[in-house]
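Just below is one structure, and these are the notes that go with it.
The values are calculated or read from the model by the stated rules, or taken from the named source; none is laboratory data. The model shown is predicted, which means the values in this text are computed figures rather than measured ones. Cβ placement follows ideal geometry from the backbone for every residue including glycine, while neighbour counts extend to all protein chains displayed. What goes into the accessible areas is simple: the full protein's heavy atoms, side chains included, and nothing from ligands, DNA or RNA. Shrake-Rupley method; radii C 1.70, N 1.55, O 1.52, S 1.80 Å.
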Amino acid sequence: MRIIFSRKGFDSAAGGGPSPIVDGRPVTLPIPGAAECGTTYGSLGLGQHAAKASRGRYGEHSFCHHDPMFLADGTCLFGQVGAAQSHLANQGAGPGDVFLFFGLFREERQPPHHRIFGYLAVEEVVPLNGCTQARLDALRLLGHPHALQQEGRDDTIYAGKGRKADHASDALRLSVPGASPSIWRRPDWLRQGNLTYHQRADRWLPGNRLRSAPRGQEFVAKVDDDAAALRWLDQIVAEIRGS
């Protein structure tokens, strides 16, 4: 069983600034996308937030890559392709694993920080190259960008139960208060050797802290039946669902 820390949304490189926290609610802004994505920030009700976070570079009519996609029926669809998908495949990611989506956020007049904003409990992996036409059409009807415009032969959709947090609770914050956003509070179960992209010893800091990697989208921790890791995951999911 794997816990996958999946970096998503606006930051200084993609979009130009952090996603906002508005009235205590994290508002994740999808990264900018091409017209083929078919979804604008305005259509998601995010036009003003995108304009403010990007200092006017993006706005109501700008297209965005709406992924992960959280549906009204309590499910989540998440697409990946290329090097990031190869990494997930090489790590054996699939049914039974859980994605924890995190990104860069900022509350008004506060420094930015990393926080978890949603989860996906994987039930199905759908390789888009070779899936049935009916399934592909259904994904296109939902407007998922990976179905609308496939970017590679390994384009893949992960599907299952999922939800976004509607409250920016401290329990979902990754960054150490007062430190750089990349310095995380590390749960006891997360140790050197069980998180991909974090093999270097200098990333594992004293005081249960971790210097998170600036590159890479999918950080995979293989936890199997580690009781402490599973308890921590249950608490995080409960916080997202109950917040």
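If you check every pair at least six apart or on different chains, which have Cβ atoms under 9 Å apart with a residue in segment 1-28 that is farther than 22 Å from VAL98 by Cα and touching a residue at least 60 places away in the same chain (Cβ under 8 Å) first and a residue that is surrounded by fewer than 20 Cβ atoms within 10 Å (Cβ to Cβ) and among the basic types (Lys, Arg) second?
GLY17/LYS52; GLY17/ARG55; GLY17/ARG106; PRO18/ARG106; SER19/ARG106; PRO20/LYS52; PRO20/ARG106; ILE21/ARG106
Can you pull out the helices (runs of 4 or more DSSP H) entirely within segment 77-152 that have at least 2 residues that are at negative phi and open to solvent by 40 Å² or more (accessible area, probe 1.4 Å)? Walk me through it before giving the result.
Working: elements: 82-90, 133-142, 145-148.
Helices (runs of 4 or more DSSP H) meeting the threshold: 82-90, 133-142.
Those residues that are closer than 17 Å to GLY118 by Cβ and either touching a Gly at 6+ places or on another chain (Cβ under 6 Å) or of a type in the set (D, E, K, R) (or both), I need them from segment 146-166; list them, please. Working first, answer last.
Taking segment 146-166 and keeping what is closer than 17 Å to GLY118 by Cβ, we get 157-166.
Answer for segment 146-166, where residues must be closer than 17 Å to GLY118 by Cβ and either touching a Gly at 6+ places or on another chain (Cβ under 6 Å) or of a type in the set (D, E, K, R) (or both): ILE157, LYS161, ARG163, LYS164, ASP166.
Residue-wise test of (1) within 29 Å of PHE63 (Cβ to Cβ); (2) open to solvent by 10 Å² or more (accessible area, probe 1.4 Å); (3) touching an Asp or Glu at 6+ places or on another chain (Cβ under 9 Å); (4) modelled with pLDDT of 95 or more.
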{"site": "ASP155", "(1), (2), (3), (4)": "yes, no, no, yes"}
{"site": "ARG185", "(1), (2), (3), (4)": "no, yes, no, yes"}
{"site": "ARG191", "(1), (2), (3), (4)": "no, yes, no, no"}
{"site": "ASP202", "(1), (2), (3), (4)": "no, yes, no, yes"}
{"site": "ARG209", "(1), (2), (3), (4)": "no, yes, no, yes"}
{"site": "GLN217", "(1), (2), (3), (4)": "yes, yes, no, no"}
{"site": "VAL220", "(1), (2), (3), (4)": "no, no, yes, yes"}
{"site": "ASP226", "(1), (2), (3), (4)": "no, yes, no, yes"}
{"site": "GLN235", "(1), (2), (3), (4)": "no, yes, no, yes"}
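Which residues, counting only those in segment 1-55, are of a type in the set (Asp, Glu), out of contact with any Ser or Thr (no Cβ under 9 Å at 6 or more places or on another chain) and not in a loop (DSSP other than H, G, I, E, B)?
Of the residues in segment 1-55, the ones of a type in the set (Asp, Glu) are 11, 23, 36.
Then keep just the ones that are out of contact with any Ser or Thr (no Cβ under 9 Å at 6 or more places or on another chain); that gives 23, 36.
Result: GLU36, single match.
Only residues that are open to solvent by 30 Å² or more (accessible area, probe 1.4 Å), closer than 22 Å to ARG115 by Cα and polar (S, T, N, Q): list them for segment 29-54, please.
Residue satisfying the conditions is GLN48 alone.
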